[in-house]
Amino acid sequence: MIRFFLNQQERDDIKIMAGGQLEQLSTHATSSSLSIEIPVKTDDIKECDYVELYDSEQIIFAGIIMEKKQATFNMTPQWKIYDLTLSGNSDLITPLFVDLTFPAGANIKQILYGNNRSDPDFDSDLGSFLGLFGTRIEPEGITINDVDDFSGFILSESAYLWGRSVSDTLDEICSIASAWWEVTPDKRFNMKYKSNRVPAPFTLDNGSKAFNLSVSNDALTYYSACRVNGGTGTSRKVEESSVRGAFVERVHEYVFYQKDAETIVSLTPIHSVVSITQTEAGKPPADPAMPGTIKVGYKGLHDDDPEYQALMTSGGTEITMKEGYKLVVIIPNSPYYAITVNDAVFDVDVFIRIVDPQLAQEIAAKRGGTGVIEYALEDDSITDLPTAANVAQDFLKSHSRIATEISFSTFSKCEVGQLLTADLPYYSIFGNYEITKIVATTILDRVSGIVFQYNVTASTVDYRDPYKGLWYRPIVTKFTLTGDQAPEDGIFLNNAINVKTFISVYASGVTTWAAIEENATSWELFESLYPSWQLLQSPTSPITWNSLQQIVKSWAEWENKIKSWAWIENIELGWYYLGNYLTNYGKEKLMQFMSGESVNNFADLFGAICLENNLGGRELFEPQDVSKTATGGVSTFFLLPTDATYVIKKILVPENNKKDGEAILSADVDIDHIYGGPRGQYSITIAISTTIE
């Protein structure tokens, strides 16, 4: 028997009609419909009323009336029929925005509950701050019910979640922590690890009371490669860079050139510079207007500060001397005058591409070709290589397999997020499947009257809307979290230990506005070369290229108004390698550690690496950045055109991370960065991801 509650009061006078559909999705987006009959004299149905539906004592659905449409008749009966559009309880927090800031070092538990001085585990180093539960979720009448401990996942940088919806933030946190969340029909909030999913109350097998069964397999999530095009990040610090003279040919091995006695020009956008030193015959110049050490400040900030003798703009390409100061003028092929830029950091484009070679081979064996099916994620909020690599890896983890989907109908109640065990040999179905969608339909039963029929979808992948395009497009994680708990995607136990390392190397150069102007000599040609610029569009009134031409009259004005366009930067795919690169010596050391023996000489697999040329010569490089999780991590190295100007044949991690140490991990590569070669003119980025499986 179905019971109808309106604003928490049971209403026997309201009758539910057949044909209603109450929808639950794992994406928490619901749009349900229900038809009801109500007497004219008791009609008090209004928009935003709260509806609850019970099957005897069990609550089936709860939500808000978003719209009501009244049926029309040729007569005036004593009752009215309304078609209601309802939203579920998850929508209570969908329109809310977080509008909170969380410091670097805060964990997911603190993001949810806050870091309050009254808490027994208050972290004084982080200071006091509010959490999502107390400020955004509980005020909506939602009870915090069953929430796992997510304190092992730590923010690696501050998160400024202004203008970010609560539901989107919860989705992203759960994606990082391999978890799920829900608001139940009785307004209880649960958030659990995926390994803690509740089993469905029944098994789908030949003896099940299920009908309308259908099974489908598809390749809509079958990607073997993922490219992440991020925003602008920073290079490693370059301690010393020699400056070339003003009148020499510009070759790629030098980053800085002297324009005149007041200006130094960089071929790469500059993020920061600490100082410049200049010498005359190996000593500071005698002219007091030519200081031996020049401190570099920022235009608009240090213009009047006497501590700084030169100014620059972050993201610009010039360092200019202040009035009253000048540079020595470098003479070509003469060591008499010398200028060195110290501690320079450059702006670099962040992008990475990860390929699953094994999957690509499987696809190629079936259909021919390379087997590479690639997806591109564009997100300019990703400003470092480790985050980009993690996003790409997470994408391939979820979207590099054939999807199996089971649909059926039943009269037995189940919940979205539960694990359904299925055993249907005829359909080649066996194992656990996540229930991703339930539509409760009201139907007329000859004996019981109106009852609920549950149309269930269970799958090996997350819910996908089949009406939103052929290829699935996921949401990109916007802020970075790291943690000491492994992602959990199943309960299959495997005692094999595989230390898998993925190495991706990219060569990059920047497409300047002058180069764009050279390619697109007219607005018509520009539109054909670059057909879309979403930043300038709006849903209701898109800016056409013709109107844009009226707004921006020249390329100089364009460059002044529009500072960057990440996706027309010159992105060069370099090299990628995937394998278990532990050497026999490294395996011996790992075995000693696993056996409880003391291991004095090992290595930090995310620390310094050696690049080795074809003659066995080694060069040691420290990582620019390191991001770790419980099962692995990513270390990132940035090499300028002046670094490693040879064919790199090996990338290895030496014992104790010393240049001459025996190799613990060694990967054979073939990276041509030789001076004068086709890739030698580019900076290269090496991202090394090592995981233990």
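What the table below lists for this structure:
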read-out	value
Residue-wise HN-Hα coupling along the stretch 267-284, computed from phi with Karplus coefficients 6.51, -1.76, 1.60 (Hz; x: Gly, Pro)	6, 10, x, 9, 8, 7, 9, 7, 7, 10, 10, 9, 10, 10, 6, x, 10, x
Phi-based couplings in Hz for the stretch 100-105 (Karplus 6.51, -1.76, 1.60; Gly and Pro marked x)	9, 10, 10, x, 4, x
For residue 382, distant residues with modelled amide H under 5 Å away	231
Share of Cα-Cα pairs in the stretch 31-181 lying beyond 23 Å, as whole percent	51
Simple label model, 7 Å out from Cα along Cβ direction - residue 441 to residue 372, nm	4.5
Over the stretch 233-349 - Rg/Rh using Cα atoms and the Kirkwood inverse-distance radius	0.94
Projected label distance in nm at residue 58 and residue 588, using a 7 Å step from Cα toward the beta-carbon	6.2
Bins of 10 Å from zero: percent of alpha-carbon pairs in the stretch 274-404	10, 25, 18, 13, 14, 13, 6, 1
Ranked packing of 40-48, 376-384, most packed first, by mean Cβ within 10 Å	376-384, 40-48
Cβ-based net charge around residue 116, under 14 Å, with every Lys or Arg adding one and every Asp or Glu removing one	-2
Under 9 Å, Cβ to Cβ, from residue 66 - net charge with Lys/Arg +1 and Asp/Glu -1	-2
Long-range lysine pairs (8 or more apart or interchain), the stretch 2-92, Cα under 14 Å	7
Under 12 Å, Cβ to Cβ, from residue 45 - net charge with Lys/Arg +1 and Asp/Glu -1	-3
Label-zone membership for the stretch 417-444, site residue 206, 7 angstrom Cα→C-beta point, backbone N under 19 Å	421-431
Peptide ranges 637-646, 611-620, 279-288 listed from the most packed, as the mean C-beta count within 10 angstrom indicates	637-646, 611-620, 279-288
Other-chain or far-sequence residues with amide H under 5 Å of residue 61's (modelled H)	53
Inter-probe distance in nm under a simple model that places probes 7 Å from Cα toward Cβ, at residue 604 and residue 73	7.9
Dipole magnitude of the stretch 233-349 about its Cα centre (Cβ charges: Lys, Arg +1; Asp, Glu -1), debye to nearest 20	200
Rounded FRET efficiency, nearest 0.05, which uses the C-beta distance separating residue 622 from residue 334 and R0 of 35 Å	0.55
The stretch 100-249 - charge dipole about Cα centre, Lys and Arg +1 at Cβ, Asp and Glu -1, debye rounded to 20	260
Anisotropy class of the stretch 357-446 from Cα gyration tensor, a/c 1.5 cut	oblate
Kirkwood Rh, Cα atoms: Rg over Rh of the stretch 2-92	0.97
Amide proton proximity set for residue 271, modelled H, under 5 Å, gap of 5+	315, 345, 346, 347
Potential extension, residue 47-residue 165 segment - 0.36 nm per residue separation minus Cα distance	40.1 nm
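Taken together, the values in this text are just the output of simple stated rules run on the coordinates, not laboratory data. No experiment lies behind these values; they were computed from the predicted model shown. Note: ideal-geometry Cβ built from the backbone for every residue, glycine included; neighbour counts use all protein chains shown.
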